[in-house]
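Asker: Could you have a look at this structure, given as structure tokens, before my questions?
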Amino acid sequence: MSGATVSVVVAAYNAMPYLTQCIASVAEQSIGRDRLEVIVVDDGATDGTAAELERLKGRYVYDLAGSSRDARQCGGRG
């Protein structure tokens, strides 16, 4: 996400329903959504995490990394 000054990395293995609350909380920070980047790492969760991220896609912009390796690569963008 261009222009982001703060990156938040969320590990989301079987983290429902806390994941929804977490992403909403990050999005509501006073810094502004345009300055935030949220990277969600779903490493094969079986509790509906991927489906919830798809549902939130319309509400929030997010990156979905499939493993910790992918998350490290996302964090290296500049």
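Asker: State, to one decimal in nm, how far the label point of residue 7 lies from the label point of residue 43, with both points 7 Å from Cα in the Cβ direction.
Answerer: 1.7
Asker: Which FRET efficiency, nearest 0.05, do residue 34 and residue 54 yield, Cβ-Cβ r, R0 35 Å? Numbers along the way, then the final one.
Answerer: Numbers: r = 23 Å, r/R0 = 0.65.
My answer for the efficiency is 0.95.
We did not get these values from a lab; they are worked out from the coordinates using the rules stated. This structure is a prediction, so every number in the text was calculated from the model and none was measured. Neighbour counts are summed over all protein chains in view; Cβ atoms, including those assigned to glycine, are modelled from backbone coordinates with ideal geometry.
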